[in-house]
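As structure tokens, the structure follows; a few thoughts come after it.
Derivation of every value follows stated rules applied to the coordinates shown; laboratory data play no part. Nothing here was measured: the structure is a model prediction, and the numbers come from that model. Here the Cβ is made from the backbone with ideal geometry for all residues, glycine too, and neighbour counts use every protein chain on show.
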Amino acid sequence: MLGTILWFLGGLVILVVTWRVGIGMLRSMTTPPPPPPPAGEMRRINVRYRCTVCGVELRMVMAPDEDPPPPKHCLEEMDLVAPID
């Protein structure tokens, strides 16, 4: 009898935990993303460029937009370096 009660209470605890986790996940998916920062404000990015002429590499971590134009080095535009991941 005591074993049956413990199994029932354990199942009830698992049900409540699963229910709360599921509701929390659904609520997190329905929250809207934050608005973009105002124009002119710097955004965090992580982009690497390489010069095709001399081989110098540059890592850009802040830019006014998410897809900045490539910088110039040796009077030519640098190439985007794909991440290793």
Amide proton proximity set for VAL81, modelled H, under 5 Å, gap of 5+: ARG48, TYR49, ARG50
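With N denoting the number of residues in the chain, provide Rg(C-alpha) divided by 2.2 N^0.38 Å, to two decimal places. Don't skip to the end; give the middle numbers.
On the way: Rg = 25.9 Å, N = 85, 2.2 N^0.38 = 11.9 Å.
After normalising by residue count via 2.2 N^0.38 Å, the value is 2.18.
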R0 of 41 Å, Cβ-Cβ distance GLU41-CYS74: FRET efficiency to nearest 0.05: 0.85
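Equivalent-ellipsoid semi-axes (√(5λ), Cα gyration tensor) for region 37-77, whole Å, largest first?
Details: eigenvalues 110, 20, 7 Å².
Listed largest to smallest, the semi-axes of region 37-77 are 23, 10, 6 Å.
Tally Lys/Arg at +1 and Asp/Glu at -1 over every other residue whose Cβ is under 14 Å from the Cβ of ARG44; what's the total? Present the calculation step by step, with values, prior to reporting the outcome.
Working: positive: ARG43, ARG59; negative: GLU41, ASP65, GLU66, ASP67.
The answer is -2.
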Over region 35-85, relative contact order from alpha-carbon pairs under 8 Å, at least 6 apart, %: 37
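At a threshold of 8 angstrom on Cα-Cα distance, excluding pairs fewer than six apart, so keeping six or more, what relative contact order does the chain reach in percent? Intermediate values should be presented prior to the final figure.
Numbers: 73 pairs, mean separation 19.1, N = 85.
Contact order relative to length: 22 percent.
In square nanometres and to one decimal, what's the mean projected area of the convex hull around the Cα atoms of region 9-57? Spell out each step's value before the answer.
On the way: hull surface 30.8 nm².
So the mean shadow area of the Cα hull is 7.7 nm².
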